1. Among the residues of the stretch 17-32 satisfying the criterion of being within 19 Å of K61 (Cβ to Cβ) and aliphatic (A, V, I, L, M), which is surrounded by the fewest Cβ atoms within 10 Å (Cβ to Cβ)?
2. Going through V215, V241 one at a time, which residue ends up being among the β-branched types (V, I, T), modelled with pLDDT of 95 or more and assigned to a loop (DSSP other than H, G, I, E, B)?
3. With crowded, with 16+ Cβ neighbours inside 10 Å and modelled with pLDDT of 95 or more as the only criterion, which of A73, A55 stands out?
4. So the check is Cβ under 8 Å with 6+ separation or different chains; which pairs have a first residue in the stretch 244-263 that's aliphatic (A, V, I, L, M) and a second one that's assigned to a loop (DSSP other than H, G, I, E, B)?
5. Report every pair of residues separated by at least 6 positions or lying on different chains whose Cβ atoms are under 6 Å apart, first residue within the stretch 19-45 and within 19 Å of K280 (Cα to Cα), second assigned to a loop (DSSP other than H, G, I, E, B) and not hydroxyl-bearing (S, T, Y).
6. For the stretch 49-165, which fully contained helices (runs of 4 or more DSSP H) count at least 2 residues that are under 27 Å from E257 (Cα atoms)?
Amino acid sequence: MKTRDELIDELIDLAFAEDIGDGDATTLCCIPADEMGRSRLIVKEEGILAGVAMAKRVFQKFDPELKMTTYIADGSHVKPGDIAFVVEGRVQSLLQTERLMLNIMQRMSGIATTTHKYQKELEGLKTKVLDTRKTTPGMRIMEKDAVALGGGCNHRIGLFDMILLKDNHIDFAGGIKNAITKAHEWCKANNKNLKIEIEVRNLDELRQVLEHGGVDRIMLDNFTPELTKQAVQLIGGRCEVESSGGITFSTLRAYGECGVDFISVGALTHSVKSLDMSFKAF
């Protein structure tokens with residue numbers, strides 16, 4: 001399996017190939033190869049900054065001689081006019097890396113800002129907001145990093161680092177007991193030490209899970225707050241509890257007040273607004 005760094009490097013390579021192709025015609029036609037300059041990252045909207053570390057990787061991968069001086073760290077609260085960093089070096093390199101760097105930073109900062117807003121809504125409760133696999137293809141690592149920088153928690157990274165028995169798995173496996181049993185058998189046969197989570201759609205399925213046991217977390221799918229309270233009481237602390245499905249910002253705290261450990265929110269990554277910023281010469 002490829003490492004985190006390998007996946008990020010592949011994404012950066014693909015993004016440059018997509019954007020630059022066989023050469024940046026605009027830059028190459030009017031900027032001498034030896035011209036030096038500097039640009040700064042200017043924040044234009046209040047939020048949580050994310051992507052500084054990734055920006056440095058983009059610059060270094062394209063041109064190792066680019067020098068980046070960081071003034072504001074990832075995870076910091078920023079406001080319009082803040083200067084996050086300055087980059088010095090070949091002007092051709094500054095111009096050719098600008099769009100990819102901004103695409104990454106604006107999206108990551110938008111995710112971190114949204115996550116911060118959701119987690120702040122749960123202030124005073126034990127509940128943590130979770131991301132999902134509803135991410136931009138190829139950008140999952142960056143987007144999940146942004147969730148963490150915004151104060152949220154990461155769910156599983158992919159299909160490989162946790163077992164999540166959802167409704168289709170359960171139905172195809174022949175029911176809840178079969179699905180849980182097969183999960184344990186597979187882990188043992190393949191020497192895997194993975195947490196097992198199972199989704200339930202109603203209180204009857206919840207009771208079946210509790211009767212059988214053998215899971216680390218139960219996901220309450222599309223439960224109302226009232227049913228969630230009942231479910232939390234039935235579970236009685238025997239395993240972690242996650243609420244999921246149709247939960248919006250306006251209903252978030254109501255679910256948190258039910259006593260769940262986690263609330264998973266696809267909107268953290270699938271429909272966020274990017275944070276406004278620019279990269280300007282000076």
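1. A17
2. Of the residues listed, the single one that is among the β-branched types (V, I, T), modelled with pLDDT of 95 or more and assigned to a loop (DSSP other than H, G, I, E, B) is V215.
3. Answer to the check: A55.
4. I247/V265; L252/L122; L252/V265; V260/T127; I263/L122; I263/T127; I263/I247
5. Between residues of the stretch 19-45 that are within 19 Å of K280 (Cα to Cα) and residues that are assigned to a loop (DSSP other than H, G, I, E, B) and not hydroxyl-bearing (S, T, Y), the close pairs are R40/F282; V43/D82; K44/P80; K44/D276; E45/L275; E45/D276.
6. It comes to 91-121, 140-149.
To keep it simple, each residue is scored yes or no on (1) under 22 Å from the mean Cα position of the chain (by Cα); (2) open to solvent by less than 40 Å² (accessible area, probe 1.4 Å).
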position: K117; (1), (2): yes, no
position: L130; (1), (2): yes, yes
position: H155; (1), (2): yes, yes
position: D161; (1), (2): yes, no
position: I176; (1), (2): no, yes
position: A189; (1), (2): no, no
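The values are calculated or read from the model by the stated rules, or taken from the named source; none is laboratory data. None of these values were measured; they are calculated from a predicted model. Heads up, the Cβs are rebuilt from the backbone with ideal geometry, glycines too, and the neighbour counts pull from every protein chain shown. Side chains included, ligands, DNA and RNA excluded: accessible areas come from the protein's heavy atoms. Shrake-Rupley method; radii C 1.70, N 1.55, O 1.52, S 1.80 Å.
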